[in-house]
1. Could you work out the Rg to Rh ratio of region B:58-204, with Rh taken as the Kirkwood radius (inverse of the mean 1/r over all Cα pairs)?
2. Using a Gaussian network model on chain A with a 10 Å cutoff between Cα atoms, which of A:292, A:375, A:303 fluctuates the most?
3. Show me, for region A:100-112, the HN-Hα J-couplings you get by feeding each phi into the Karplus relation (A = 6.51, B = -1.76, C = 1.60, θ = phi - 60°), rounded to Hz, glycine and proline as x.
4. Hey, what angle do you get for helix A:214-224 against the long axis of chain A, alpha-carbon based, 0 to 90 degrees rounded to 10?
5. Could you tell me which of rounded, prolate or oblate describes the protein assembly as shown, using a ≥ b ≥ c as the square roots of the eigenvalues of the alpha-carbon gyration tensor, with rounded for a/c under 1.5 and, failing that, prolate when a/b is larger than b/c and oblate otherwise?
6. Compute, for residue B:280, the solvent-accessible surface of its heavy atoms (probe 1.4 Å) with the complete set of protein chains present, and express it in square angstrom to the nearest 10.
7. Would you please calculate the Kirkwood hydrodynamic radius of chain A over all C-alpha pairs and express it in Å, rounded to one decimal?
8. Taking amide H positions as placed 1.01 Å from N in the peptide plane, with prolines and chain starts having none, which residues 5 or more places from residue B:46, or on another chain, fall under 5 Å of its amide H?
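The values are calculated or read from the model by the stated rules, or taken from the named source; none is laboratory data. It should be emphasised that the depicted structure is a prediction, and the values quoted were computed from it without experimental measurement. Positions of Cβ are generated from backbone atoms using ideal geometry, with glycine treated the same way; all protein chains shown enter the neighbour counts. The protein model used for the area step is the full one, side chains on, heavy atoms only, and it has no ligands, DNA or RNA in it. Shrake-Rupley method; radii C 1.70, N 1.55, O 1.52, S 1.80 Å.
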Amino acid sequence: MFNLRKNKKVRFVYFMSGLIFFLAFAFMVNSVLAAPTVKTYKQYVASIPEGCKPVPRECFEKAVAGKTFAMYDWAAWWPEEIYKGFEKEFGIKIVRDNYPNLDEALAKFRLNPKTPYDFWLTNPKSLWYMKNWKILKTVNHDWIPNVNRYMAKDVQNASWDPGYKYTVLTSLGYDAYVVNTTFINRNDPRIPSWKFLFQGWDVYKDKLVMRNEMNRVIGNTLKYIGCSLNSTNPKELEEAEKVLVRLKPHIMAFNSWPKRAVMAGEVWIVEGIVHDYLSLGKLAGPENPFLPAYPPNGCLLSPMLAVIPKGGNNPAAAHLFLNYLYRPHKFATLINAIAYGHGHTGIKDLTDESVKKWMTPPEEGYREKCEVLLPPAFTGEGEKLRAGIWEKLKK
Amino acid sequence: MAASKTFMKIKTNLQLLPTVGPISIWIFLFVFAPVAVIVFISFLAAGPIGEILPRFSIESYRYLLFGGSEYGRAVLRSILYAFVTNMVCLCVGFPMAYWISKYGGKFKALFLFLVIVPSWSCYIVRIYALKQLVGYPGILNNFLLNLGFISSPINILYTPAAVVLGLIYIWLPFMVLPIYASLEGINPALLEASLDLGATPRWQFFTVTLPLTKGGIFGGTILTFIPALGDWLVPLLIGGNRVWMAGNLIQHFLVVRGKIAMASSMAVILTAAVVLLIYMFIKLGGEESMERIV
């Protein structure tokens, strides 16, 4: 008999055998867990939920053969189950990359137009640049039957994508303001007008945070003075500048993500996409202290658009994903998590009541009063004038 | 004879190659090459929709230098903030280093460890730590409120003073260490000699200790002034982005406006200013300042 403790060689052999056995077992478990629910097109078609349609065979087979799907989107926004569900169902690994803001994401494409993403969640400004640089694929509408079925007609041929060629709308955000009713009386007669944000510092005591985004802040200021937020009129922009300069001493900070400060009570009023604060309100307790304000004369509308960059390797997976996302139950999961507005016609009964309250402006037809940022605001003279105002504001 | 000398020189250089070669390649690839790319882009023209055109142009430099006073103001503000940061770091860092060196005794290593340990954590984590400390309702405000010194929380964050405070907090250890190294390097015999010759402790400090730590002071100055000059995260997170430094302007050009050539030109101007400052510091502080940094 040999002594196990003393014989190093034997110990090593035992250790290695154990390790190999463990790795083989882990590999088998992983293979079973990671195996896609649908392996063939036939299985996929058979598994489609009621009311939904499958993508064509060509799209499915190309997407699955690609094995991975490169996605470029916001971090910690959409619920993880959307991504995990897709991976589980089709066995396609989603490789995610996140950006802190869309301007930074656009800068990445500006430096390398062939950046290999299959799917990018973006806004009209970036869309315009990408279209002009000719680095976007057109969406194949035959490959997204669920989108064709459920996407509202009024958002299909919208101002940001005339002809409905490059985008699929995923959500619609209203960029206005939110007040913390723990500190601010929700019955103040100026709420929800812009007047409260731009003149109500006697009430909010300089605890205002504006977004650190030039076009949005100047756009909403133009809206406050009764102009189009895409105005390029120097006089109107000069007026907007005066308003902002007057407001600056009452602005605590320019911060696009002030959620920590909002939760801490450091900030009482915040300019930004109103929907982002529902989740914070839920965290604050049973009574949501945050009140979304939809100014009666409209605000900036921020559509989130899915686009397919040309540099990607698996555009079929992008179509498969969009078709999957537009299944009513999946889309409801998304909207119940982010509380944004949307253009899906099939999830009315699947949406939580609290979310409905947040994502819907109080007035019918409010969307028509809102505007989307269009090229005159962020190109040429309009951009130059806005940059001048922004730079003066930061001096 | 001359040929033999040349041969020996080449031989010595070849012997040094295995040690100096890898670091030279590293410096070339990750320092000089990126700077060269930035300089190259800064001299390119920009198209109507922000694309870079392969055409020589000095338009970005012209725009930055003569286009508006805001840009010059941001650079001057950066220099001012970096200067104040540097002076405060020196005023706080020198006594700290002096005390550790002279009175630290067997706990010197522990005190140095305490100075260094914050810089082991991520830059952003340190900024958020400071925000928790001085923010609303932060530790400092709560402390002052509980003591009754203030009746409502004071607004420290999101002011120019907060930006300078943040820069000091981040860069202070980089001032303490070179000064400490200088102080430790002073020959005790020199200090004893000065006392023997009748110097008072104050006179000894100003005529012996301080001149002998000149290298450490200049080394610390380089290590704090230059990064503070180019910082953009502190004004963004602690200053609430209400006032820009030069780094924020570069970010604004590159990210918000998509003017890559202009952002590169601004970076080149800032780099040139930094190189000039390093040259001046080395001239004033001598080669010892560089040794302290290394």
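1. 1.12
2. The residue with the greatest mean-square fluctuation here is A:375.
3. Per residue, the Karplus-derived 3J(HN,Hα) values read x, 7, 6, 5, 5, 5, 5, 4, 5, 6, 5, 6, 9 Hz.
4. 40 degrees
5. prolate
6. 90 Å²
7. 23.3 Å
8. Correct list: B:53.
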